[in-house]
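Chemist: If you scroll down you'll find the structure; I have some questions about it.
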Number of protein chains: 2
Amino acid sequence: MKSLLLVAHGSRRELSNKEVRRIGQQIENIAERNFLSIRCAFLELVIPSIPEGVEQCINDGAKTIIVFPYFLSAGRHVSEDIPKIIKEKQQEYPDIEIKIVEHMGAVTGMADLILQHILEN
Amino acid sequence: MKSLLLVAHGSRRELSNKEVRRIGQQIENIAERNFLSIRCAFLELVIPSIPEGVEQCINDGAKTIIVFPYFLSAGRHVSEDIPKIIKEKQQEYPDIEIKIVEHMGAVTGMADLILQHILEN
């Protein structure tokens with residue numbers, strides 16, 4: 001009963017937000033039955049907000065929510081803002097496990113993926 | 001005679017800039033002889049700037065420079081600012097080929113990498 005919440009910054013350019021949702025959709029296409037639901041939420045400017053995204057996952061029936069910060073570097077948003085918001089939601093829902101995993105920039109395999117991308121282009 | 005220039009935004013948090021340089025280093029570790037040099041440059045706040053990064057690649061002896069925007073979404077920086085800077089350098093060095101490849105967020109395989117990361121954590 002696990003949901004994935006992809007958390008991005010949010011942009012005034014709707015195209016940027018669409019890119020985030022597209023990645024969410026692509027993950028959904030390959031995730032098979034690993035997740036009850038895969039949702040996107042945004043730190044700023046765009047809805048759903050992170051608290052709203054958490055609520056959506058809970059409404060989906062999730063007992064565990066994996067929060068994935070879709071950020072390349074662990075700036076203030078990743079190291080402070082997102083954990084603070086998640087901590088508040090965790091206190092509101094003590095029976096739900098809400099777990100933040102490492103942000104995009106720290107994912108093992110990024111260098112390989114970049115090299116492959118560049119050599120193919 | 002090809003160099004790779006990894007272009008990131010640049011942050012006031014030095015840790016964020018270090019993450020970019022670490023990715024550059026990781027690519028260098030696996031790139032074997034595909035590149036003459038692999039360098040990082042920053043759009044704002046941090047040196048080397050993008051023009052300086054291009055100069056470094058040329059000083060390395062590059063005849064082709066592959067510019068990789070290390071950004072998750074094609075906001076204004078990716079769609080306007082970086083191309084504008086590169087266009088100016090291209091006019092300054094007509095004998096060098098400077099090529100911008102698609103930004104990180106558009107790289108095929110991102111969804112697979114994210115899913116793998118999340119399932120392993």
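Chemist: So who's got an amide H within less than 5 Å of the one on B:Leu6, skipping anything under 5 residues away but keeping other chains? H placed 1.01 Å off N, in plane.
Modeler: Long-range HN contacts for B:Leu6: B:Arg39, B:Cys40, B:Ala41, B:Phe68.
Chemist: Ranked highest first by average number of other Cβ atoms within 10 Å, how do B:106-112, B:89-95 line up?
Modeler: Descending mean neighbour count gives B:106-112, B:89-95.
Chemist: May I ask you to give the average projected area over all directions of the convex hull of the Cα atoms of the protein assembly as shown, in nm² rounded to one decimal?
Modeler: The number I arrive at for the protein assembly as shown is 12.8 nm².
Chemist: Still on this structure, I have one more. List, by residue number, every residue in region A:55-88 with a reduction of 30 Å² or greater in accessible area between the chain on its own and the complete protein assembly, 1.4 Å probe.
Modeler: A:Phe68, A:Tyr70, A:Leu72, A:Ser73, A:Ala74
Chemist: While we're on this one: If contacts are Cα pairs under 8 angstrom and at least 6 residues apart, what is the relative contact order of region A:6-120 in percent?
Modeler: 25 percent
Chemist: Right, here's the next one. Probe radius 1.4 Å, ligands and nucleic acids left out: can you give me the accessible area buried at the B-A interface, summed over both chains, in Å² to the nearest hundred?
Modeler: Result for this pair: about 3600 Å² buried.
Chemist: Compute the accessible area per residue over chain B, keeping the other protein chains in place, probe 1.4 Å, unit Å².
Modeler: In whole numbers, chain B has 50 Å² accessible per residue.
Chemist: Using only Cα atoms, find the angle between the long axis of helix B:14-30 and the longest principal axis of chain B, and express it within 0 to 90 degrees, rounded to the nearest 10.
Modeler: 80 degrees
Chemist: Assigning unit charges at the beta carbon (Lys, Arg +1; Asp, Glu -1) and nothing else, what dipole magnitude in debye, to the nearest 20, does the protein assembly as shown show about its Cα centre?
Modeler: With only Lys, Arg, Asp and Glu charged at Cβ, the dipole is about 120 debye.
Chemist: Another question about this same structure. When the accessible area of the protein assembly as shown is split by element with a 1.4 Å probe, what percent falls to carbon and sulfur?
Modeler: For the protein assembly as shown, the apolar C and S fraction of the accessible surface comes to 47 percent.
Chemist: Same structure again: Please name whichever of B:Asn59, B:Pro48, B:Val107 sits farthest to the positive end of the charge dipole of chain B, dipole taken about the Cα centre and charges placed at Cβ: Lys and Arg +1, Asp and Glu -1.
Modeler: B:Pro48
Chemist: Right, something else. Quick one: dipole size for region B:2-120, taken about the Cα centre, charges +1 on Lys/Arg Cβ and -1 on Asp/Glu Cβ, in debye to the nearest 20.
Modeler: For this selection, approximately 120 debye.
Chemist: Oh, and also: Pairs A:Lys84/B:Lys84; A:Lys18/B:Lys63; A:Lys84/B:Lys18; A:Lys18/B:Lys84; A:Lys63/A:Lys87: which exceed 26 Å Cα-Cα?
Modeler: The pairs that break the limit, which is 26 Å between Cα atoms, are A:Lys84/B:Lys84; A:Lys18/B:Lys63.
The values are calculated or read from the model by the stated rules, or taken from the named source; none is laboratory data. Here the structure is a predicted model, which is why all the values come from computation and not from measurement. Glycine also receives a Cβ, built like all others from the backbone with ideal geometry; neighbour counts cover every protein chain displayed. For accessibility, only protein heavy atoms count, side chains too; no ligands or nucleic acids. Shrake-Rupley method; radii C 1.70, N 1.55, O 1.52, S 1.80 Å.
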